[in-house]
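Just so you know, all these numbers are worked out from the coordinates, no wet-lab data involved. Model, not experiment: these values are computed from the prediction. Heads up, the Cβs are rebuilt from the backbone with ideal geometry, glycines too, and the neighbour counts pull from every protein chain shown.
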């Protein structure tokens, strides 16, 4: 249990005692005070009750000749029905080991830094004489003790401390510290917790160390010639509550009633959740469930039993995520039963609505939006016979709050598209769509344009959002209907649209590209493709000369309007977002979504590229290849040429000339 963990921290002092002794008592005290400061703070965080588990000891501020021989601690508890108080008396048997000098030293209560509140009615008596107390700087109280040479004395401390005002009380006494803070060896020690009635271990949650002796009146720990190694730690049901439990159990056994078992169920549920401890929860949670189930059997028309059991099931779902689905279903079933047994009672209907609204709110708080939506769907099914349940104002508020929380969670963790989808499903497209603006459907575009004589191939790689293949299907279908090119849509990642445009000359290519451009859907995402298909200038000429053909290509592309289109969409979204009243939760969410969407348009312009490759075939020689790259906002001019020599005609001329030379030579030789 987390609230007992500090005992292990204190135990570490014993392991290092001899080493610290060698370094001097002042170093020891400084070390202890520093460590106990953090330990006390940790205890304050772990303790579920509002009070410190009131066990306190004394420590000398300047350890010296006065040693602690033995000690006894007697504890009893008083419960006035509002709070449990520990009454503590500690008897320290001291010895001045200096045989020649009278020794005076200051002692501090509690001897270490401890949280508020300070114990009440604290007194110190030395051999029956009360010592005056003065406020300390870091401790509650200081007192001076004086012992004559080689003298023994009894120093008695008494006080009262609150140990619990909830269902549980918690008391811890730091026995292991006492022996370490005082010089000398602790010869004997005894701790006794007394009870006005024979103790019943069923009312105990935890009691350590387990080396105690149990009698009809007390629990006792004894230590002889050894220092205690861990604190006395006692977690228990408050006496007043324990008496109530016993009385209700007797009433339920003698005269079984729904009310008696509901009372038991409420007590067990309170105990199960008193502190964050799985063992305690598993100990009392089944008893609470069984008590409410018994109440239902005794009175099937007792609506409160169904509602209480529903809350218990939801509590389990909240605490044990692995069981959330099953116990959530059980909770909703109990609400449905409550409705069946009180369908005509508006108060019962309101309790069912409040219960489901509570389930939705808790699911929203822990971020389980699927579960929250499931609750609303179950209520919708239950309310087929009672439509007023679904139309209840509280349910409508929770539905809207769920939609907003769910969409905001999606926005922060998945992006604006999933957030929009949640809002559209709940509120409709009109509530999400801003005026005069579109949402980008593509995250990035990469266009690869490869051109060679009589063929241009355009490969369009589009990273579509939300895997929206319909967007690409629409584009491919419209382009294919023109007949101006051959198309193939490949469902890769990103999606690839392959466009092959055969052409006879530059005019044919321009005509085909214009036809394709006119067929492109009117969406800003395709502005880049449209600009590629509509060049400002395109010339592809072949000039025939006597011995050769010169093939020349020129093309000018303007992508300035592409970035302007994306910027205009971003600007329209931002204007729409700024026009919303951010004090309204839905508007605040829409403003965040639209602002994020505006940035996506700008990102699209940044993440879009086009690459042109021109391949010409000179003769003779290897193919000539040139490449250019551009981005939205650029102007690009491309040109290239290749010379194709008429090798066949040249060879014929050379062959003819050679033949004439051979014939002329033969004629001359013949003469």
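Structure data summary
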item: Evaluated over the chain, the Cα radius of gyration and Dmax, each in Å; result: 44.5, 164
item: Inter-label distance for residue 603 and residue 548, nm, one decimal - labels placed 7 Å from Cα along Cα-to-Cβ; result: 5.2
item: Cβ-derived FRET efficiency at R0 60 Å, residue 611 paired with residue 668, nearest 0.05; result: 0.40
item: Pair residue 251, residue 287: separation of 7 Å Cα→Cβ label points (nm); result: 1.7
item: 222 nm mean residue ellipticity, helices alone, for the chain (DSSP H n ≥ 4; -39,500 (n - 2.57); rounded to 500); result: -14500 deg cm²/dmol
item: Modelled FRET efficiency - R0 60 Å, residue 631 with residue 427, Cβ distances, 0.05 increments; result: 0.95
item: Ranked by how many other beta carbons lie within 10 Å on average, peptides 268-278, 545-555 from highest; result: 268-278, 545-555
item: Ranking of 638, 71 by count of other Cβ atoms within 10 Å, fewest first; result: 638, 71
item: Whole-Å distance, taken between Cα centres, linking the range 485-501 and the range 301-319; result: 58
item: Linear extension gain, residue 571 paired with residue 488, 0.36 nm per residue minus alpha-carbon span; result: 26.4 nm
item: Fully extended contour minus Cα-Cα distance, from residue 202 to residue 514, at 0.36 nm per residue; result: 103.4 nm
item: Packing rank of 469-476, 330-337, where each peptide gets the mean count of other beta carbons within 10 Å, highest leading; result: 330-337, 469-476
item: Geometric extent, Cα atoms of the range 442-645 - Rg, Dmax (angstrom); result: 20.3, 81
item: Förster radius 22 Å - calculated FRET efficiency between residue 224 and residue 160 (Cβ-Cβ, nearest 0.05); result: 0.15
item: Label point distance in nm, residue 474-residue 134, each placed 7 Å from Cα along Cα→Cβ; result: 8.8
item: Cα gyration tensor category, rounded, prolate or oblate, for the range 241-386 with a/c compared to 1.5; result: oblate
item: Relative contact order for the range 241-386, counting Cα pairs under 8 Å that sit 6 or more residues apart, in percent; result: 15
item: Cβ-based exposure ranking for 165, 493, in which fewest neighbours within 10 Å come first; result: 493, 165
item: Exposure proxy ranking, count of Cβ atoms within 10 Å, fewest first, for 204, 628; result: 204, 628
item: Cα-based shape type of the range 125-248, given that a ≥ b ≥ c are square roots of the gyration tensor eigenvalues and the cut on a/c is 1.5; result: prolate
